[in-house]
Amino acid sequence: MPDLNAAALFVRVSEFRSFSEASKRLGIPISTVSRKISELEKALGVRLLERSTRHLRITELGAEYYQYCRRGLEEIEAGGLALIDRQTEVSGTLRLSIPPNLADVLVTPLIIAFQKSYPKSLFKVMVTERYVDLIEDNVDVAMRVGQLDDSSLIARRLLAYRHILVASPGYIKLHGQPTHPDDLQTHRLITFGGWHEKVIWELKRNNTVMKVSVDSALSINEISGIQYVVENDQGIAQIPAMICAEAIQQGRLVEIMTDWKLSPTFLSFIYPSKRNTSRLVSLFIDYCIDNINKTVPDTGMER
């Protein structure tokens, strides 16, 4: 197996394009640098660098090997930083804005788990459906559904999820179960929306896409309210799979038209700038992204 220290030296020599510069930067005698690279080439059986008295050129095989070595060094450095983060006390208050209906199923479990690792971290969570101004509202990070419009903000995607069509067993018993988007027009449909919004449900099966213009029997701008209505036999609705998963498991709701899929929805973290991001914010975002699949029981997406 090649000497890992020699591989790390090879990365630095390649980046500095000079044995002498690598020697000076690393505080290692140039003779040692040269010897280590020669031993690495011998162990690998390939020429990594072409040397002359005035120039240094990386070979084609050397360039390929450099990419692997560089990624390995980055992983080692990242691992060291992660261990430092775990052992260094983290404190402070994180102000988080989230859309409605996500606290129970998503946000609270992540915060509780995070605070077990960082017990001196404090959270203030604002639940609102409006797009907050992060600076004006003194918010550190926000969770936002859909695409990012403000290019001055940084976005990191947390997860993709789907809405699914659901009804109660009681409703299905009384009114039957639709099997095609056209059938929905004869059913009582419960929708998410505001006063003046035109509601369109777009459903896809294989390469066929159908748009259903919905005349809502009842429209509510809160998912929990919609789920309550549907569970009480009042109609059909589309609800995020991760929110209604428990109701389906317990038999209060039934997923219908499973061969027709609604488009995925994306949930992202939004924050002002990587340069000014606090360590607490960075750690929390990384933790959530790394652990989201343990928290969300069913996103409705194939995994």
Q. Pairs, please: C-beta under 8 Å, at least 6 apart or cross-chain, first residue of a type in the set (Ser, Thr, Tyr) and in segment 2-27, second surrounded by fewer than 16 Cβ atoms within 10 Å (Cβ to Cβ) and outside any helix (DSSP H, G or I)?
A. Ser23/Pro29
Q.
Return the residues of segment 126-179 that are within 22 Å of Gly251 (Cβ to Cβ) and free of Cβ contacts under 8 Å to residues at least 40 places away in the same chain; say none if nothing qualifies.
A. Lys173, His175, Gly176
Q.
I'd like to verify a number: residues in segment 135-191 that are under 29 Å from Leu94 (Cβ atoms) and among the β-branched types (Val, Ile, Thr), how many?
A. 5
Q. Of all residues in segment 213-235, how many are over 16 Å from Glu246 (Cβ atoms) and either of a type in the set (A, V, I, L, M, F, W, C) or in contact (Cβ under 8 Å) with a residue 60 or more places away in the chain (or both)?
A. 11
Q. Quick one: how many residues across segment 4-57 are touching a Phe, Trp or Tyr at 6+ places or on another chain (Cβ under 9 Å) and assigned to a loop (DSSP other than H, G, I, E, B)?
A. 2
**Q.** Residue tally, condition within 16 Å of Asp3 (Cβ to Cβ) and surrounded by fewer than 16 Cβ atoms within 10 Å (Cβ to Cβ), over segment 13-27
**A.** 1
(Q) All but one of (1) within 18 Å of the chain's Cα centre (by Cα); (2) outside the structural domain of Asp137 (by TED's automatic domain parsing) hold for Leu283; state the number of the condition that does not hold. (A) (2)
Q | segment 213-230, residues that are under 17 Å from Pro178 (Cα atoms), in contact with a helix residue (DSSP H, G or I) (Cβ under 9 Å, 6 or more places away or on another chain) and crowded, with 16+ Cβ neighbours inside 10 Å | A | Val214, Val230
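The values are calculated or read from the model by the stated rules, or taken from the named source; none is laboratory data. If you're wondering where the values come from, they're calculated on a predicted model, not measured in any experiment. Ideal geometry is used to build each Cβ from the backbone, glycine not excepted, and the neighbour counts take in all protein chains shown.
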